[in-house]
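The block underneath contains the structure these notes are about, expressed in structure tokens.
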Amino acid sequence: MDYDAYDALLHHIFKQTQGDAWFKPAAENISTGVCLRVEPGVYRVFPYENPELEPFEAAIRALSPEVAVKVRSAAVHTAFSVIGPDDISLAIDSKIRIQVLDTMLDLGSAEKEQRAAFIRDERVMIVWSDSVDDIIPSTLDLESRLLKLVWRARHGISGGTLTPNIPGTPSPGSTFGGSRMSLSGPRRTLLMSTGTGTDIELTEKIASMDQTPSADIASLKDKELEAGLANKPTPRPTKVYAAIYIGIAVALSTFFMGSGVKILLMEVALDNDFLRLALVATVPLVFCIALFFSIQIVNTVSVVIGPIAQVYQNSKYYSAIPPPAPPKGVVEHLPHVTIQMPVYKESLEQTIAPSVESIKKAMQTYARQGGTSSIMICDDGIQVLSEEDRELRMQFYANQDIAFVARPPHGQNGFVRAGRFKKASNMNYGLALSIRMEEILEQLQAANVNGQDGTGTPGRNPFREDGGEGEEEMDIEERALQMAVDETNGEAWAKGGRQMRVGEIILIVDSDTQVPED
């Protein structure tokens with residue numbers, strides 16, 4: 001068998017993400033593996049020719065990431081002990097929640113931006129990414145977080161014993177092998193070697209917590225959250241330091257200008273030459289210039305000898321401390337965010353792709369907190385670019401699950417791109433098409449309930465592209481979008497019906513925007 005670059009990468013990812021899973025449960029019918037996209041719609045799975053990985057490959061093909069890993073380690077297996085039968089997500093820590101799906105077949109409709117999911121029936125974790133560079137660190141990071149989670153929840157898992165239910169772990173107070181434990185005061189720290197050169201620190205408080213049942217602690221926390229006590233907002237007072245500093249700077253600049261005018265008056269009194277007073281006309285301009293330097297002087301002095309605590313505190317118009325994790329009940333109702341980006345002829349590799357990469361990281365953070373988001377690009381360049389550049393952009397949007405809307409060039413068949421910079425009209429055009437798609441979508445859903453296809457033909461499946469037998473079903477959002485595009489008589493180009501649906505919040509970014517990860 002001849003190996004290529006895809007095989008080498010598959011072997012490497014499998015070794016890095018599966019090779020150190022020492023405590024795998026004995027389950028011969030559950031196979032783990034790696035799935036890598038070779039070309040659009042075509043994936044390669046390792047280990048090769050394993051029929052038990054066919055459902056995994058089919059699910060990844062429907063989800064359409066660049067690469068995915070199926071993990072079944074001791075940490076993953078134990079994590080299912082804290083997942084209830086009706087839970088739809090698992091809170092790994094205060095900032096990360098991972099969705100829980102019943103079967104592998106549900107993976108195709110999972111929240112893609114979470115980049116991970118637990119599969120209940122196989123007791124495995126699926127991690128995916130749109131970049132092969134991120135899949136290994138993402139998988140290892142989730143594994144380490146899971147290990148901390150099961151260690152914190154070991155009371156409920158192992159029946160209240162202090163020893164973690166992991167084979168090979170030393171008892172409290174003992175040391176051997178690659179593990180070492182230190183006890184000091186009211187805290188216990190356990191460092192376990194992962195075999196990859198990284199130590200995972202498991203730290204917890206052990207005072208009254210060890211003597212209180214974990215169920216009572218969880219119940220108490222839930223009651224506090226429901227009552228609004230746990231995350232009660234702290235006061236945000238109005239700080240007037242900036243106003244004081246600017247006032248001092250204005251006074252300092254006024255003093256400088258007054259000194260200059262005083263000198264002019266003294267000179268006029270000496271020689272009676274009133275022509276010098278013409279320099280007074282420059283006072284406003286010189287005042288503005290002097291104000292900048294005065295502000296710098298006052299700010300520098302205030303940093304050296306003035307108070308700086310306000311820089312590390314939250315105030316009415318300034319946030320230095322990030323907000324706490326949303327309380328119970330809020331994460332289930334986080335708003336859907338639509339990121340709208342107008343683009344034109346910017347470089348795909350140097351401008352658009354880096355912006356999308358930063359946005360995707362922020363979307364992953366939001367998704368793992370329980371929210372959903374999507375990207376809609378209003379592309380004014382697709383219909384005016386060359387065929388090669390056009391195909392590259394459309395393929396990039398498809399790989400990244402990005403919806404795009406493209407309108408005709410200015411002046412083509414009398415079409416007018418309104419506005420001086422045309423970004424506002426570009427986004428309005430995309431929003432108008434999205435609104436029309438929603439109207440058609442409601443009609444399709446109503447027709448589906450009534451057993452019609454929206455044209456009065458009973459029994460026709462509205463999900464099918466042409467209604468023929470054996471054809472692949474088209475997503476109902478995509479079908480509604482194509483119907484909205486058809487109404488423009490070829491004027492608009494669009495793809496990505498699901499991502500075109502506008503959420504409660506619209507975040508407008510430019511093509512070169514770098515969005516913070518959190």
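The values are calculated or read from the model by the stated rules, or taken from the named source; none is laboratory data. What you see is a predicted model, and the numbers here were worked out from it, not measured in a lab. Glycine also receives a Cβ, built like all others from the backbone with ideal geometry; neighbour counts cover every protein chain displayed. Keep in mind that these areas ignore ligands, DNA and RNA; they rest on the heavy atoms of the full protein, side chains included. Shrake-Rupley method; radii C 1.70, N 1.55, O 1.52, S 1.80 Å.
Structural remarks
- Scanning the stretch 237-290 for residues that are acidic (Asp, Glu) and assigned to a helix (DSSP H, G or I) yields 267, 271.
- Count of the stretch 288-298 residues, restricted to those that are among the polar types (S, T, N, Q) and either open to solvent by 60 Å² or more (accessible area, probe 1.4 Å) or closer than 30 Å to residue 233 by Cα (or both), is 1.
- Checklist (1) at pLDDT below 90; (2) in a helix (DSSP H, G or I) applied to residue 95, failing item: (2)
- Index of the failed condition, residue 273 passing every other in (1) in contact with an Asp or Glu (Cβ under 9 Å, 6 or more places away or on another chain); (2) touching a residue at least 12 places away in the same chain (Cβ under 8 Å): (2)
- Count of residues meeting criterion [of a type in the set (Gly, Ala, Ser) and under 28 Å from residue 245 (Cβ atoms)] in the stretch 257-293: 4
- If you check 418, 367 for being touching a residue at least 24 places away in the same chain (Cβ under 8 Å) and touching a helix residue (DSSP H, G or I) at 6+ places or on another chain (Cβ under 9 Å), only one passes: 367.
- Set 405, 384: member being surrounded by fewer than 22 Cβ atoms within 10 Å (Cβ to Cβ), at pLDDT 85 or above, over 17 Å from residue 336 (Cα atoms) and of a type in the set (A, V, I, L, M): 384
- Residue match in the stretch 83-93 (condition: among the β-branched types (Val, Ile, Thr) and out of contact with any Leu (no Cβ under 7 Å at 6 or more places or on another chain)): yes
- Beta carbons closer than 9 Å, at least 6 apart along the sequence or on distinct chains, pair a first residue in the stretch 308-323 that is open to solvent by 60 Å² or more (accessible area, probe 1.4 Å) with a second that is modelled with pLDDT under 85 and among the β-branched types (Val, Ile, Thr) for 321/234.
- Pairing residues of the stretch 7-34 that are more than 17 Å from residue 56 (Cα to Cα) with residues that are of a type outside the set (Asp, Glu) and at pLDDT 90 or above, at Cβ distances under 6 Å and at least 6 apart in sequence or on separate chains, gives 16/136.
- Among residues that are modelled with pLDDT of 85 or more, surrounded by 18 or more Cβ atoms within 10 Å (Cβ to Cβ) and more than 19 Å from residue 136 (Cβ to Cβ), residue 59 is included.
- Among residues of the stretch 17-46, those that are open to solvent by less than 30 Å² (accessible area, probe 1.4 Å), at pLDDT below 85 and within 15 Å of residue 123 (Cβ to Cβ), counted: 3
- Taken as a whole, the structure places residue 302 among residues that are over 30 Å from residue 87 (Cα atoms) and polar (S, T, N, Q).
- Residue in the stretch 246-268 that is closer than 30 Å to residue 310 by Cβ, at pLDDT below 90 and among the polar types (S, T, N, Q) present: no
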